[in-house]
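The values are calculated or read from the model by the stated rules, or taken from the named source; none is laboratory data. Here the structure is a predicted model, which is why all the values come from computation and not from measurement. All Cβ positions, even for glycine, are placed from backbone atoms using ideal geometry, and neighbour counts span all protein chains on display.
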Amino acid sequence: MKNWKNLMLSGMAIFVLSSCGNDNGDVQQGTAEESESRSSESIPASSQQESSASTTESSSSEQNSQAADSTTVDVSMQEAVDIYLNEYPNAQIEEIEFEKEHGRWIYEISGALGDREYELEIDAESGEIVDRDEDDLDQNNRYLNLDNIIDPTEAVEIALQEIGEDAILDGWELEVETHNGQDVPVYEIEFSNDNREVDVHGETGEILEIDH
């Protein structure tokens, strides 16, 4: 009988201790959750604004790089001209275009040799000739002197400084045009997001005209 009473007392003691342990655990868990909640609420609004501003700035930088990267290709304009002249030695260059076709940047170069006009399309990344054409020569053609021509990347940067760094390049064309009664080389630079064209003097970098 005495043993039975001892067993009952031991069981009750274990139950009481177990209940106390659970209560302490609940208190500790509640305290941790309250602390985490207060920590989250204590983040200043200025930090959230800075994070938002940083995201906006990053997006703007990506747009700017998109405009710049489109002219940063493996084959320069001069290298494309050299490829053309290797195919048609002694040809006179009439026009150089830089545009995107089927997702890749292409140089399209036109020139005259004898009584024929020859055109090559050159991949701006690989230097591969992707297309060629020829036709009868137009008697009113004017030819480029490339000795003092500024790099097209410089011409694009000049245009971007004028109309805004967020403009997206659609392509450019270099040819001889008449300005103020004189024949001068001109970069006609087109931007796709606002349908604007900026004419930049091919030798001086002067902005000649902006078409909206």
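The figures follow:
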item: Subset of the stretch 72-88 (residues that are touching a strand residue (DSSP E or B) at 6+ places or on another chain (Cβ under 8 Å), more than 19 Å from residue 138 (Cα to Cα) and in a loop (DSSP other than H, G, I, E, B)); result: 73, 75
item: Among the candidates 190, 162, 134, residue that is under 16 Å from the mean Cα position of the chain (by Cα) and not aliphatic (A, V, I, L, M); result: 190
item: Test result for residue 168, modelled with pLDDT under 95, touching a Ser or Thr at 6+ places or on another chain (Cβ under 7 Å) and of a type in the set (Val, Ile, Thr); result: yes
item: Of all residues making up the stretch 100-118, the number that are without any contact (Cβ under 8 Å) to a residue 24 or more places away in the chain and crowded, with 18+ Cβ neighbours inside 10 Å; result: 2
item: Test for residue 125: is it surrounded by 13 or more Cβ atoms within 10 Å (Cβ to Cβ) and either at pLDDT 95 or above or in contact with a helix residue (DSSP H, G or I) (Cβ under 7 Å, 6 or more places away or on another chain) (or both); result: no
